[in-house]
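Since the structure comes first, as structure tokens, the remarks are kept for the end.
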Amino acid sequence: MLYHVRMDVRVPHDVDPARFEALKAEEKARAQALQREGKWRHLWRIVGQYANVSVFDVADHDELHAILASLPLFPFMEIAVTPLARHPSALD
Ligand SMILES: O=C(O)CC1=CCC(=O)O1
């Protein structure tokens with residue numbers, strides 16, 4: 001199943017900058033591993049915002065939830081998920 005996911009990162013004002021940089025590096029490694037596995041199909045920055053839109057290709061809601069909850073920045077993100085269905089006019 002395909003899912004459109006928007007992630008807005010909310011950086012706490014009192015977070016230790018070094019800890020947050022480490023979490024960002026861990027997030028990048030995890031995101032790139034999931035892209036290599038074919039589960040994180042698209043990852044785009046929303047211009048001017050600390051946010052992204054992504055497309056995940058996973059088995060079901062439970063797998064998506066497990067992936068999102070495993071992300072190092074999960075505690076600092078607001079996440080909106082939209083399940084996608086095939087559009088009848090789509091060519092591919
Ligand atoms: O910077 C973001 O949008 C949060 C994020 C998701 C994957 C990643 O590497 O950073």
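Remarks
- Relative to the dominant Cα principal axis of the chain, helix 61-70 is inclined by about 20°.
- Close amide H pairs (under 5 Å, H built 1.01 Å from N) link residue 77 with 10, residues at least 5 positions away or on another chain.
- For the chain, the mean residue ellipticity at 222 nm estimated from helices alone is -10500 deg cm²/dmol, where every DSSP H run of n ≥ 4 contributes -39500 (n - 2.57) and the total is divided by all residues, rounded to the nearest 500.
- To put it simply, the accessible area of the range 5-62 at a 1.4 Å probe is 53 percent carbon and sulfur.
- Within the range 1-20: backbone nitrogen closer than 19 Å to the residue 29 label point (7 Å, Cα to C-beta): 17-20
- Computed lengthening from residue 36 to residue 79, 0.36 nm per intervening residue step minus Cα-Cα distance: 13.3 nm
- Folded to 0 to 90 degrees: helix 17-36 orientation relative to the chain principal axis, Cα: 20
- Pair residue 89, residue 10: separation of 7 Å Cα→Cβ label points (nm): 3.7
- Label-point separation, residue 61 to residue 18 (7 Å along Cα→Cβ), nm: 4.3
The values are calculated or read from the model by the stated rules, or taken from the named source; none is laboratory data. Keep in mind it's a predicted model, so treat the numbers as computed, not measured. Positions of Cβ are generated from backbone atoms using ideal geometry, with glycine treated the same way; all protein chains shown enter the neighbour counts. For the accessible areas, the whole protein counts, side chains as well, though only heavy atoms, and no ligand, DNA or RNA atoms are used. Shrake-Rupley method; radii C 1.70, N 1.55, O 1.52, S 1.80 Å.
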